[in-house]
Structures are given as structure tokens and as C-alpha cells.
1. At R0 = 22 Å, how high is the FRET efficiency between K36 and W74 if r is their beta carbon distance? Nearest 0.05 is fine.
2. Rank these residues by their accessible area, most exposed first, probe 1.4 Å: T221, T237, T309.
3. Just the accessible area for D261, please: 1.4 Å probe, Å², rounded to the nearest 10?
4. Over the Cα atoms of the range 195-347, how large are the radius of gyration and the largest Cα-Cα distance (Dmax), in Å?
5. Give me Rg over Rh for the range 214-259, both radii from the alpha carbons and Rh done the Kirkwood way, two decimal places.
6. Determine how large the accessible area of R104 is when every protein chain is in place; take a 1.4 Å probe and give Å² rounded to the nearest 10.
7. May I ask you to compute the full-extension gain from D263 to L151, defined as 0.36 nm times their residue separation minus their alpha-carbon distance, rounded to one decimal in nm?
8. Order H319, H330 by their accessible area, 1.4 angstrom probe, all chains in place, largest first.
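The values are calculated or read from the model by the stated rules, or taken from the named source; none is laboratory data. In this text the structure is predicted, and so the values were computed from the model without any measurement. For neighbour counting, all protein chains shown are included, and Cβ atoms are generated from backbone atoms with ideal geometry for every residue, glycine included. When the accessible area is computed, the model is the full protein with side chains, heavy atoms only, and any ligands, DNA or RNA have been set aside. Shrake-Rupley method; radii C 1.70, N 1.55, O 1.52, S 1.80 Å.
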Amino acid sequence: MDIAVAFSDWHYWMELLIVPFFILIAAFTIGKLINKFINKKLHEHIEKHTWPYVFANAVRGLPVAWCMGVGLYWTIHSIKGIDPTLSMLFSAFLYAVIVFSITRVVSRTVSGIIDLHIQRSEENVQATSLLSNIVAFIIYATGLMIILQYLGISVTPFLTALGVGGMAVALGLQDTLANIFAGVYIILSRQLQIYDFVKLSNGSEGQVVDITWRFTKIQSTSNNIIIVPNKEIASSTIINYNMPAKEISIGITIGVSYDSDLDFVEKITLEAARSVLMKIEGKVEFEPVVRFFEFADSSIKFNIYVKSTNFLNQYVIKHELIKAISSRYHQENINIPFPVREIISHK
């Protein structure tokens, strides 16, 4: 009799614990295999910056959660005698997890499609974290409403409360909301984009690295990050070195003596400028230009202009250009005079 009771208890515990355990292990293993298959496809068979790649990247990592959810649901219904309320609670939880994961896939997919569209666009437009955050917020809010509706919770009171409380919150967050709307305006107007080199009215300059919901981040030439509120960006006078084209002009003023052969000076100066451009940028995409402009007191002055497609190269180019021109002038006996003052004393 004791053996029969023990066997009955063992069979009961096997159904209660062992079978669900193996169901969960099997679900987890299947999810890992599917995820491994997706990762392999992403790295080996699917071309980047395509629709299949965007969707596969959005699904990556979630098959484990989906399979575990299915396994848990199967486990709940495989256990006999479980309380109906507890079963309903687990079912609602699993529904919420599945909807949340699907919402996450939709959010990733939409963000990926936006990035893909921007990359394929002929215009030089870059995605910002503000744009991604707005899209994600809308999609996740929709997913939350679907979950609440499934649970039998009406979303109408929430929307009403948000409408009434939103006015009070807006008064307390005027500064934050102003920055958010200014950030949206900056993105939509395309007056400022990611990777643009800009100079602010306070003299700070650098490359725009991100436009967030409150701030615009600018990386200075010394690799420091300048944090500027969006509303200040929208209302400030800014020099954008990437508009209408990203080429930057670099000029140096030089003076040569009145005895100089100006044609020869121009020739030597242009040769020195071309050699510097070849050294720094590997090619001469824009021909340098010499322009004489003044008969000064002790010299004939002119400007040498070169162009670079890289904003950060301007400092190195100017440095090397001064050295190269000085060296060539010494070799060719071209004199760069300096003002001389003659003091005459009257006794």
C-alpha cells in the first residue's frame, strides 16, 4: 500500500514539476536556435541596408521570449487542478509580454525603415535620437493601450486625465516643451543636421553629433561635447559650414616686396598649395586661387585660397601651407618684407 501511495505521489509530482520543466527547457532551446539562425542570416546572407535586414534585425533576440511565452502558456494548461484565477492571471501576463515584444519589433522596424529611407535619400539627412524617441513613444503608447483594453481597463479616463493634467504639466514644463518643439523644428527645417560643422554666435564651433529631446550635442575640435538647449539653437545665429556645400574655404594673407615678379610669385604659391593638398587630402579636388588686392606700405598683398572637404583639415592645411610657402619663397629668393620704421632725431 505504501509503495502504491509513493508511486502515486511521484507520478503527481512528475506531472506537476518535471513535465513543465522540460517544456520550458525545450521552448528555451527552440528560441535560442531560432535566434542563432536569424543572427547567422544577418551576418552571412542578408545584405545590409535592405528591408529584410531591417526586419530580421528588429526580430533579433525576441524568439527566445516568444518561445518561452508559448512554453509557459503550454505549461500552465498542462498542470491539472490549477486555480482558474491564477491561470487567467498568467494568461494576461503572457498576453502583455507578447504584445510588448511585438510592439518592440514594430518600433525597431519603423525606426529601421526611417533610417533606411534617410540613407537612400539623395539629400544629406541623418537620423537623430529625438526622431527615434518620438516614433518609439507613439508605438509603445499604442501597445500599452492594447494591453489595457485586453485587461478590461478603459483607456478613456486615462486620456481624459492626461488631457486635464496635461495643461497643468505644460505650465510647469514650459522650458522642456519649448526645447522639444524647437528640436522637432530643427529636424524638419533641415537647417541643422547630424555631422554638420557649425559655429555658434558665442564663438563655439564643432560637429553636431546628436539632437535629443532637450539638447543639441556639438563635439568641439578639442573633442569636448558642447550641450546647447534646442530653443537657443532655433533662435540663434549659426554658421553652418556644410550648407549649401560641405567644402570649406581656407585663406592666408601674404605680402611680397615691390621688386617681386608677381607672375612668378603666383606660380610658386600655387605649386606649394597643391603639394600641401596632395599631402593632407591625397588629391586636389579644388584648384587653389591667388588674388592680389592691395599696394600696402611695404609690400604687395594677396590672398591664397584653398578648399577642403573636411572641416577638421583646415587647421592642418593652414599650418602646412604656411610652412610650405615660407620654404619655397626662401628657395626662390622671394622676399616677404616687414614694415621698417626710420627714426630721425632733430637736434
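1. 0.50
2. Result, largest first: T237, T221, T309.
3. 90
4. When restricted to the Cα atoms of the range 195-347, Rg and Dmax are 20.4, 76 Å.
5. The Rg/Rh ratio comes out at 1.24.
6. 90
7. 31.8 nm
8. H330, H319
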